[in-house]
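Single-structure report; data block below.
The values are calculated or read from the model by the stated rules, or taken from the named source; none is laboratory data. Just so we're clear, the structure is a prediction, and the values are computed from it rather than from any experiment. We place every Cβ from the backbone using ideal geometry, glycine too, and count neighbours over all the protein chains shown. Remember, those area values only see protein heavy atoms, side chains included, never the ligands or the DNA or RNA. Shrake-Rupley method; radii C 1.70, N 1.55, O 1.52, S 1.80 Å.
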Amino acid sequence: MAMRAAATAAISAHSRVSANSQMGMGIKVLCSSFSSFPFNLPQTKLEKPPPAEPSTNLFVSGLNKRTTSEGLRDAFAKFGEVDHAKVVTDRVSGFSKGFGFVKYATIADAEAGIKGMDGQFLDGWVIFAEYARPRAPFPSMNNAPPQRQW
């Protein structure tokens, strides 16, 4: 009697294992059927925007939160005459948002500023300098009253 119980238990355990493996096989078949998905998935191509045209205005990114406009001006003044340097700050905290703008007197100075500071450390962070792109126009609001041109 004990032999029969052991044999029955072994057979039922084997059938449970094979059932589980068949269930696992079913999931594999189900998942592999998605490889021939009937819909066309969108093809995402990451295209870099074209480089900005050379100008006297530079966009500087990767700034430390503690970087000030004066510190930015001093760092870029080594490469030419800086007309204006501005670190964009948070209204509430007053800390840098991580980017800013530097305006040089000439395009040659701006080019020297990019070559000299792009990929360099400022306040312990690596910064990136490039020519600034013009700001895109704001979309018109449908219900907004017309704005006056002064």
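How about the range 70-87: which of its residues are open to solvent by less than 40 Å² (accessible area, probe 1.4 Å) and over 16 Å from ILE114 (Cβ atoms)? Of everything in the range 70-87, those that are open to solvent by less than 40 Å² (accessible area, probe 1.4 Å) and over 16 Å from ILE114 (Cβ atoms) turn out to be GLY71, VAL87. Does VAL87 meet the test of being farther than 13 Å from SER55 by Cα and either at pLDDT 95 or above or touching a Cys at 6+ places or on another chain (Cβ under 9 Å) (or both)? Yes: the conditions hold for VAL87.
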